[in-house]
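The values are calculated or read from the model by the stated rules, or taken from the named source; none is laboratory data. All values reported here derive from a predicted model rather than from experimental measurement. Every residue, glycine among them, receives a Cβ derived from its backbone with ideal geometry; neighbour counts consider all protein chains shown. When the accessible area is computed, the model is the full protein with side chains, heavy atoms only, and any ligands, DNA or RNA have been set aside. Shrake-Rupley method; radii C 1.70, N 1.55, O 1.52, S 1.80 Å.
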Amino acid sequence: MKKIQYTELLKNLASNQTQPIYLILGQEDYLEQQIQDAFQALVPSEEREMNIGNYDMEITSLGVALDDATSAPFFGERRVVFVRNPYFLTGERHKGGPDQDIEGLQAYIDRPVDSTVLVLFASYKKLDGRKKIVKTLNKQATTIQIGNLNSSQINQLVKNQLNSKKYTISSEALDQLLFRTDSKLSRMMNELPKLMLYNIKEKKITAESVDALVSKSLDQNVFDLSNVVLQKKSKEAIDIYQSLITQQEQPLRINAVLVGQFRLLLQVKILQNQGFSQGDIAGKLKVHPYRVKLAMQTSRHFSMQDLTMGYTGLTDLDLQLKSTQKDPELLFELFLLRFIGQQIA
């Protein structure tokens, strides 16, 4: 198997350098679309309707896709065949779908058609390496991993996109954009057009523009909520909580993120007390450095006792939300009263 980077793949395709079979691993909508566009560009626009096939294995037989792959291009030089949702490469069980000709795919991989480029989009966390067909693909396909991008890779892709439009972005703005979009590349890319329009004169994306234009994610809102809880600002905490409920956020989900935030604050404070740096903590906890930076700034203002009481109180609240029919807002208010009362005591 030959593994290449996403950028190398795009460069090769732009130069009309192709391999017979590609395996695209992981899920990242933005990169998947870029890759699809690059493969489609291999076929002249007037030939695409007849020479590009797109098959979803959830609803289409693999035999249909293989028939297309083994056909000669129609009045052209190349055929591109996309195979999506190849669940048979995983350990997942699939009921109700068409029968899949795995042996036919095995035979095709062993003897691919020169005029066809076969691209399998496997948007899964992992494949079943015990399967013969997976072993064959691992040996003979060109593989590109687009899932599980780290923060550095995401940062670079965003910067590259902005550079192509003659824009720059401050490090603070990039951190804020990552945080507000939960480090989702597709969401970040979707936010760039309005940020560029807003900063069209300066050609530089600022933290102020990100704050003004990019809506807060649940994590961002819960970060604010955890801060006002720790600061014993009960009215502000209830206002934020009610606002999240109004936005159709589920109480269990809100509480789960709150528990995660308090757990992070506790972990960061413990590791910081042990002498770990911001980068070391981020690596150890596998959390984006900007989140660790914010957690360090917050946790230093509160005692280990405060953070522990908040965490245990929220885990108790989680049990109540799952086991009673009481109003979630009332349960949250009772948690606040107990937490603030314990702090005062």
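Starting from the residue with the highest accessible area, list K135, K11, K159, K125 in decreasing order, probe 1.4 Å.
The ordering from most to least exposed comes out as K125, K11, K135, K159.
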* **Answer label for Cα extents along the principal axes in Å (calculated), chosen among (1) 59, 54, 41; (2) 85, 39, 31; (3) 80, 53, 41** => (3)
* Residue-averaged [θ]222 nm for the chain, counting only DSSP H segments that reach four residues, each worth -39500 (n - 2.57) -> -18000 deg cm²/dmol
* Where nothing but the Cβ of Lys and Arg (+1) and of Asp and Glu (-1) is charged, how large is the charge dipole of the stretch 129-178 around its Cα centre, in debye to the nearest 20? -> 600 debye
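Rank T70, T116 by accessible area, highest first, at a 1.4 Å probe radius?
So, going from the largest accessible area down, we get T70, T116.
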* **Rough spin-label spacing in nm, given labels placed 7 Å along Cα→Cβ, for T136 and S215** => 4.7 nm
* Asked: For the pair F74 and K165, what calculated FRET efficiency results from E = 1/(1 + (r/R0)^6), where r is the Cβ-Cβ distance and R0 = 45 Å, to the nearest 0.05?
  -> 0.75
* Net charge near D110, counting Lys/Arg +1 and Asp/Glu -1 over other residues with Cβ under 15 Å of its Cβ? -> +1
* Taking the stretch 32-125, which chymotrypsin sites (Phe, Trp or Tyr not before Pro) meet the DSSP loop condition and have no more than 14 other C-beta atoms within 10 Å? -> F74, F75
* Asked: Against the longest principal axis of the chain, how steep is helix 304-323, in degrees 0 to 90 to the nearest 10, with axes from Cα atoms?
  -> 70 degrees
